[in-house]
Amino acid sequence: MAIELKMPALSPTMEEGTLSKWLVKEGDTVSAGDVLAEIETDKATMEFESIDEGTVGKILIPEGTENVAVGTVIAVLAGEGEDAAVATSAPSAPVPQADAPVAPAAVDRPVAKSQPAADPDIPPGTNIIKLTVREALRDAMAEEMRLDDRVFVMGEEVAEYQGAYKVTQGLLEEFGPQRVIDTPITEYGFAGIGTGAAMGGLRPVVEFMTFNFAMQAIDHIINSAAKTNYMSGGQMRCPIVFRGPNGAASRVAAQHSQNFAPWYASVPGLIVIAPYDSSDAKGLMKAAIRCEDPVVFLENELVYGRSFEVAQLDDHVLPIGKARVVREGSDVTIVSYSIAVGLALEAADALAAEGIDAEVIDLRTLRPLDKETVLASLAKTNRLVVAEEGWPGCSIASEIIAICMEEGFDDLDAPVLRVCNEDVPLPYAANLEAMALINADKIAAAVRSIVGR
Amino acid sequence: MVRKKADAGANRPRLSLHVPEPKFRPGDAVDYSDLVIPEAGAQPRPDETCQASDTYPLCNDMIRVLGSNHRAHGPWDPRLSPDALRQILSDMTLVRTFDNRMYRAQRQGKTSFYLKCTGEEATSVAATRALDFEDMIFPSYRQQGCLIARDYPILEMVNQIYSNRADRLKGRQLPILYSARSANFFTISGNLATQLPQATGFAMASAIKGDSKIAAGWVGEGSTAEGDFHSALTFAAVYNAPVVFNVINNQWAISSFSGIAGAERATFAARAIGYGIAGLRVDGNDALAVYAAERWAADRARSNAGPTLIEFFTYRGEGHSTSDDPNVYRSAHEREEWPLGDPIARLKAHLIAVGEWSDEQNDALEHELDEQVKAAQREAEKNGILGHGLHHPFHTMFEDVFEELPWHLEEQAEQAIKERQIKWPD
């Protein structure tokens, strides 16, 4: 069969070029690798080589022609044993059928997980204890480390010092320095090391002293951990947990008070979890460590010391991707996550005194986002406010508002509002800091403005 | 009193900045006589479990085995059997044949991008043959030789390059950014040097698990400027991780010569000294020296004696990639004047010199390998080439983002497929 020689793309961006010179003429015999022509682009002049052997049939584009589009048939080559004359008319190559079945690509189509499971029931008579979020996280890691010897903890100050915020308290003593590893001071370094260890078959829990410092590690989180599974066609996995405090702390100013949840939550391939209370922190941390996908687990420094009730179960694991209605109400829905859930509950209490019955939803997981729970609540209350301790632009609040517009428009009786921090780097001075941050009063005021009472 | 600005530091020398410039630019005559090329066989070979500092003289030397008489010399001679040597020669020849055909396929528009390793074949092939098959390879993008030296099917490589319906990576990756779990070959990253901390992490995991697999990473000399290179060396040194770092010093990072990465001040092997790990500098065009050095480092890592940084001194024979034209920034005479020769020609000459090979056998081998690549290419083309529409089914785009397909992606997939059916009913 005659072979069409097409104007080659010399770079991925090249669209056309000049056929400056033919180095063969019609009737010439060529073999693979022979230079046929010189082609000029705005960047360079390149030699165009033959990939097959044969006889040059018709030359369709004369030399000196400018602006020849990539893919244009410039000449025809007759193959071995063919008559070059036959090949002088440009043949139309049959276009292969796009959907012809073929063995190598036979795809086992993965079964989609149905809607996220509900929280498991707590059997009656279960002992309920008070636990700080700090202890809950530690217990979750310790339990998983006992169950699975592939799990280890790595980060700055996690071993001897027990964690900068004491979240890894007692782990070194129980599991030893091979599984609770103090690292050199380089977030970029140990995020890469952890990613490699996960690829090597372990289950690393990488602690960032705060997520502010994870900024220099973000390349490994996003370009390596989150994408390895996809880029390898499902061959290589990276089951890792990146955890640490996120969001504003107290009086640590601009570089140490930032909520990165929307950044990570925008990346395909990552699971992003940001719990509020101890029970969710424990149940979701255990789920995160067992997860086959890379997880970014966002804690909050100001919440570490708060105590909440936790059911004393042998294995308290919660579903990833499921929001929780933390307070039921009928007049308005306040959607929130992490520390702002506490503020939303505070606002709901204040509003209750005025006769406004607010429902509060804790998203808990930010990717994948449980929009079903949000939309079901909106269908009930017809009004919605998002409360987020973070900047307003391109935020989780923006995403929730988009979902309400796209899929809950008919249920809306008022515009969806967002209550966030001021759109400035967080100031240090106590009065300025307080003014810049979200609080319960701001949430309550937003609710009042759309409830109209 | 205000001091007059003009007087400030008037008696101090004016500061000046040094911007490295390569010795030769296009059109220049090339003279490499200032490169120190030591005699083959003259370098001492310390025990694999030696103190790291015992290797430091070798960081500023160059380990060489094949001499100008084509014989193997000195303590670094790996004493490989003729069969093993012929295997390495065959692998390297296959790499070069494959590169030539794929390069032309790109020129024919069958793929958008290709990248050859001409002149550097030994640094991937011989090094890989020196590792255990179970050892994990963390390559950069010019290590197609590692896959070929692990007998990975070249048909799979062509399918990936064509991003066709048989591509095991399902059309998701740039051509040549292979991933091959079955060959213990990690997914190539487009981001430079990320594979080095990952190799160290893999090696540390192997040690934590009490396994015997080590990790080996490859990186270009230009990428040693990345922070990842230094993080990886720090961790490897601190935890004595069983890892081998191969720095391929091919003199050019696209158009930046090695001086831009610091080569005017110190060798790349000498980076090991500051970290306190073993370092070797090796003639990268000498397949026997490459094999011996990699094997030494692998044995050292496997016996818990620590990591090694190896600099393979070589030359990038062609452009950086199909998107590059080196004629605009370097002298075309560099390759022909390169004092370390060509790795394939040198190994072939050695095998002939010891009576284990002939020109006729070599011609037959080249012909056979060319036919093999041609056949693989034809076979792959049945599965489609760039832009011919023979791709993976649309739905696969949504798969492998997570371990299980989550409901929200299934929703997106269904919606997108429905929209396509409305817009393009056929």
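The values are calculated or read from the model by the stated rules, or taken from the named source; none is laboratory data. Model, not experiment: these values are computed from the prediction. All Cβ positions, even for glycine, are placed from backbone atoms using ideal geometry, and neighbour counts span all protein chains on display. Quick note on the areas: whole protein, heavy atoms, side chains included, nothing else; ligands and nucleic acids left out. Shrake-Rupley method; radii C 1.70, N 1.55, O 1.52, S 1.80 Å.
A few remarks follow.
- In segment B:143-164, the qualifying residues are those that are buried (at least 23 other Cβ atoms within 10 Å of the Cβ), out of contact with any strand residue (DSSP E or B) (no Cβ under 7 Å at 6 or more places or on another chain) and of a type outside the set (A, V, I, L, M), and the one that is farthest from the other protein chains (Cβ to nearest Cβ) is B:Gly145.
- Among the residues of segment A:348-366, at least one is outside any strand (DSSP E or B) and closer than 25 Å to A:Ile289 by Cβ.
- Hey, A:Gly269 farther than 25 Å from A:Glu135 by Cα, at pLDDT 95 or above and not in a strand (DSSP E or B) or not: yes
- Here segment B:170-189 is the region considered, the condition is being in contact with a Ser or Thr (Cβ under 6 Å, 6 or more places away or on another chain) and open to solvent by less than 30 Å² (accessible area, probe 1.4 Å), and the residue that is farthest from the other protein chains (Cβ to nearest Cβ) is B:Pro175.
To keep it simple, each residue is scored yes or no on (1) over 25 Å from the mean Cα position of the chain (by Cα); (2) under 24 Å from A:Glu422 (Cα atoms); (3) open to solvent by 10 Å² or more (accessible area, probe 1.4 Å).
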site: A:Ser338; (1), (2), (3): no, yes, yes
site: A:Ala350; (1), (2), (3): yes, yes, yes
site: A:Glu354; (1), (2), (3): yes, no, yes
site: A:Asp357; (1), (2), (3): yes, no, yes
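- Residues (surrounded by fewer than 24 Cβ atoms within 10 Å (Cβ to Cβ), free of Cβ contacts under 8 Å to residues at least 40 places away in the same chain and either aliphatic (A, V, I, L, M) or under 23 Å from B:Asn304 (Cβ atoms) (or both)) located in segment B:223-249: B:Ala225, B:Val238, B:Tyr239
- Residue check for A:Asn223: closer than 30 Å to B:Thr396 by Cα, under 15 Å from the mean Cα position of the chain (by Cα) and surrounded by 24 or more Cβ atoms within 10 Å (Cβ to Cβ): no
- Selected residue [under 19 Å from the mean Cα position of the chain (by Cα), more than 13 Å from B:Asp228 (Cα to Cα) and at the interface with chain B (Cβ under 8 Å from one of its Cβ atoms)] from A:Met215, A:Met199: A:Met199
- Out of A:Ala197, A:Ala159, one residue alone is open to solvent by less than 10 Å² (accessible area, probe 1.4 Å), part of a helix (DSSP H, G or I) and in contact with a strand residue (DSSP E or B) (Cβ under 9 Å, 6 or more places away or on another chain). It is A:Ala197.
- One residue from A:Lys130, A:Lys43, A:Lys58 being at pLDDT 60 or above, basic (Lys, Arg) and surrounded by fewer than 12 Cβ atoms within 10 Å (Cβ to Cβ): A:Lys130
- Some residue of segment A:358-375 being on the phi > 0 side of the Ramachandran plot and touching a helix residue (DSSP H, G or I) at 6+ places or on another chain (Cβ under 7 Å): yes
- Matching residues, segment A:299-327, being of a type outside the set (Ser, Thr, Tyr) and touching a Ser or Thr at 6+ places or on another chain (Cβ under 6 Å): A:Asn300, A:Gly305, A:Phe308, A:Val310, A:Ala311, A:Ile320, A:Gly321, A:Ala323
- Among residues of segment B:402-423 that are farther than 29 Å from A:Met236 by Cβ, none has a beta-carbon under 7 Å from a residue that is among the aliphatic types (A, V, I, L, M) at least six positions away or on a different chain.
- Filtered residue count, segment B:94-135, keeping only those that are among the hydrophobic types (A, V, I, L, M, F, W, C), within 14 Å of chain A (Cβ to nearest Cβ) and open to solvent by 20 Å² or more (accessible area, probe 1.4 Å): 1
- Residue count for segment B:356-396, restricted to those that are in contact (Cβ under 8 Å) with a residue 40 or more places away in the chain and of a type in the set (Lys, Arg): 1
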